[in-house]
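Everything below concerns the one structure shown next.
Bear in mind these aren't lab numbers, they're just calculated from the coordinates by the rules spelled out. The model shown is predicted, which means the values in this text are computed figures rather than measured ones. A quick note on method: Cβ atoms are made from the backbone with ideal geometry, for glycine too, and the neighbour counts reach across all protein chains shown.
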Amino acid sequence: MSARAYICSADHREILDYMFGSKKNAIYLDYAASTPVSKSVMAAMEPYFSDLFANPSSLHIPGQKAQAGLDTARHDVADMLGCGWQEVLFTSSATESLNLALRGVIKASRESVQKPHIITTNIEHSAVLKTCQDLESDGVEVTYLPVNSEGLIKAKQVEVALQENTVLVSVMYVNNEIGTIQPIAEIAKTISRARSKSQIANRKSSSHKPFAISHLPFFHTDAVQATNYLDINVEHLGVDLMTFSGHKIYGPKGIGMLYKKETVKMRPQITGGSQERELRAGTENVAAIVGFAQALKDVEEEKSKETQRVHDLRELFIEKILKGVPSATLNGSRDLRVAGNANFCFSHTTSEVLIPTLDALGVYASGGSACSARVPEPSHVIAALGGEAECAKSSIRFSLGRPTTRDQIESAAAAVIQLVSI
Ligand code: PLP
């Protein structure tokens, strides 16, 4: 069977039936939190747990076979991103990639910039926000750009926030809670224009002290929630650093990736062996890396068709909810929104009440990001939209995926409408 045939939704329904046991009609709408590993990915990984188990750093034949699997995966990923194989770094998760991007660039910058400055947004994933907060306690200056009521920032805001000591701009491609798509290519152009302007100013300057901005800042984007549906070509986007996660793209958990443009100056955060070009020590998780490459291949092969299919189902869901629950509002822009995401504010109730009740009805959704869903805290993303304060506590994210069908969307919408109308 071809890899393409393996990733059909019937395979996933089998996995979901297994997961949900007797709840035959259960509807999982939390694919932004995690996706099931596809059969093609499992098949690609399997030999690296058994026959091809050796350490890729070993010089003997079994070691070289594992190394060959690793090399092929790295080259395949590089081809899909439109970058060089040397620019692909594997890590244990997107969280680790984000930490490496932020902390690694800051550490390298300290050699030439006394008080480095980062620009980010106030709706980033906690892996970015908490890392920024930690860096602030270490003397780093951080600007958190506010989003508008649609959950979007403008490239102009980045331009205005740039300072001489700005070493990194980190703006997420797609928000994990509300699915809004930020203007990444436009921001990249703005940064690149600022770099060239300061280079000219530098050349003209009689001072011997050049602007720190003459070769910086670098531009990082968190593409974890964008990978399934949007363009990830690094040339098209114009980014210097880009973060990915395996378990959001029907690959395994415990694997992340960081695209790092050759010119980005970075210091490792995990030291030890010389793996990943001495930027991330530790024996490579070959099986997961091979699985990640296969998952990305499957995504790229099906992207345009699957994006349209999921987008149409998502639109149907939004229409049904907004019609069936007149008091509900959609959080975030409807147009600049990734295909699989719908996030509503249901006033007069809380997500703490709605999530378990929906759960009992066999509809699995989420109150926010997977990482904060267990902590009953208001969503910082919904709060940042500046709407009714109660929305931060009464919003629900529904995220569609490969196994989602029209029947499921109709049943889930009916369940939500029934529940919220009680
Ligand atoms: N960034 C975004 C936008 C995410 O949605 C997530 C996971 O929810 C992460 C980063 C962290 O990914 P991982 O679970 O691979 O650490």
The answer for Leu168, listing residues at least 5 apart or on another chain whose modeled amide H is closer than 5 Å to its amide H, is His117, Ile119, Phe218
Between Leu330 and Asp79, what length in nm is gained on full extension when 0.36 nm per residue of separation is reduced by their alpha carbon distance?
-> 86.7 nm
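Let's test the formula: R0 of 41 Å, r as the Cβ-Cβ distance of Lys189 and Val353. What FRET efficiency results, to the nearest 0.05?
Details: r = 45 Å, r/R0 = 1.10.
Result of the calculation: an efficiency of 0.35.
How far, in nm, would the chain grow between Ser50 and Glu377 when pulled straight, counting 0.36 nm per residue and subtracting the alpha carbon separation?
Working: separation 327, 0.36 × 327 = 117.72 nm, distance 4.36 nm.
Taking Ser50 through Glu377 to full extension adds about 113.4 nm, to one decimal.
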Under the 7 Å Cα-to-Cβ spin-label approximation, Gln86 and Glu315 lie apart by a distance in nanometres of 4.5
Counting only residues 5 or more apart in sequence or on a different chain, those whose built amide H sits under 5 Å from that of Thr91 are Gly256, Met257, Leu258
What number, rounded to the nearest 500 deg cm²/dmol, is the helix-based mean residue ellipticity at 222 nm of the chain, given -39500 (n - 2.57) per DSSP H run of at least four residues and division by all its residues?
-> -13000 deg cm²/dmol
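Using only the Cα atoms of region 230-288, construct the convex hull and provide its projected area averaged over every direction, in square nanometres to one decimal.
Working: hull surface 19.6 nm².
One quarter of the hull surface, i.e. the mean projection, equals 4.9 nm².
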Return, for the Cα atoms of region 129-168, the radius of gyration and Dmax in Å, separated by a comma.
-> 11.7, 33
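How long are the three semi-axes of the equivalent ellipsoid of the chain, in whole Å, if each is the root of 5 times an eigenvalue of the C-alpha gyration tensor, listed from largest down?
Computed over the chain, the values are 36, 30, 17 Å.
When a/c reaches 1.5 or more, the comparison of a/b and b/c decides; with that in mind, is region 58-135 rounded, prolate or oblate per its Cα gyration tensor? Walk me through the intermediate numbers first.
Numbers: a/c = 2.52, a/b = 2.15, b/c = 1.17.
Verdict is prolate for region 58-135.
Given Cα pairs under 8 Å that are at least 6 residues apart, what percent is the relative contact order of the chain?
On the way: 803 pairs, mean separation 96.5, N = 422.
Relative CO of the chain lands at 23 percent.
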Electrostatic dipole magnitude of region 47-182 [Cβ: Lys, Arg +1; Asp, Glu -1; Cα centre; debye, to 20] | 120
Assign one of three labels to region 320-418, namely rounded, prolate or oblate, based on the Cα gyration tensor with a ≥ b ≥ c the square roots of its eigenvalues; rounded applies when a/c is under 1.5, prolate when it is not and a/b is larger than b/c, and oblate otherwise.
-> rounded
Charge context of Arg193, other residues only, Cβ under 14 angstrom, K/R +1, D/E -1 | +2
Round to the nearest 0.05 the FRET efficiency obtained for Lys265 and Glu390 when R0 = 45 Å and r is the Cβ-Cβ distance.
-> 0.50
Given Val239, Ser327, Val37, which one lies farthest toward the positive end of the charge dipole of the chain, if we put +1 on the Cβ of every Lys and Arg and -1 on the Cβ of every Asp and Glu?
-> Val239
How many nm separate the modelled label positions at Arg110 and Glu164, each set 7 Å beyond the Cα in the direction of the Cβ?
-> 2.2
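Taking a ≥ b ≥ c as the square roots of the Cα gyration tensor eigenvalues, with a/c under 1.5 meaning rounded and otherwise prolate when a/b beats b/c, else oblate, which class fits region 241-334? Write down the numbers at each step before the final one.
Working: a/c = 3.09, a/b = 2.30, b/c = 1.35.
It is prolate, given that a/c is not under 1.5 and a/b is the larger ratio.
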Kindly write out, for region 296-301 in residue order, the coupling ³J(HN,Hα) from the Karplus curve 6.51 cos²θ - 1.76 cosθ + 1.60 (θ = phi - 60°), rounded to whole Hz, with x marking Gly and Pro.
-> 5, 4, 4, 4, 5, 4
Amide H contacts of Ile27 (H built 1.01 Å from N, under 5 Å, at least 5 apart or other chain) = Val363, Tyr364
Given charges at beta-carbon only (K, R positive; D, E negative), |dipole| of region 206-323 in Debye = 400
Proximal lysines relative to Lys393, as straight alpha-carbon distance under 27 Å, when same-chain residues fewer than 8 apart are discounted = Lys130, Lys154, Lys248, Lys320, Lys323
Within the set Phe49, Phe398, Phe244, GNM on the chain using Cα springs under 10 Å gives the largest fluctuation to Phe49
Selection from Ser50, Ser109, Val363 lying farthest towards where the dipole of the chain points positive, charges on Cβ | Ser109
In nanometres, what is the gap between the two model label sites at Asp407 and Glu141, each 7 Å from Cα along Cα-to-Cβ?
-> 6.0
The rounded separation in angstrom of the Cα centers of region 308-330 and region 108-161 is 33
Alpha carbon centroid spacing (whole Å) that separates region 63-107 from region 252-272 = 6
Please state the charge dipole magnitude for the chain, taken about the Cα centre, from unit charges on C-beta atoms (+1 on K and R, -1 on D and E), reported in debye and rounded to the nearest 20.
-> 820
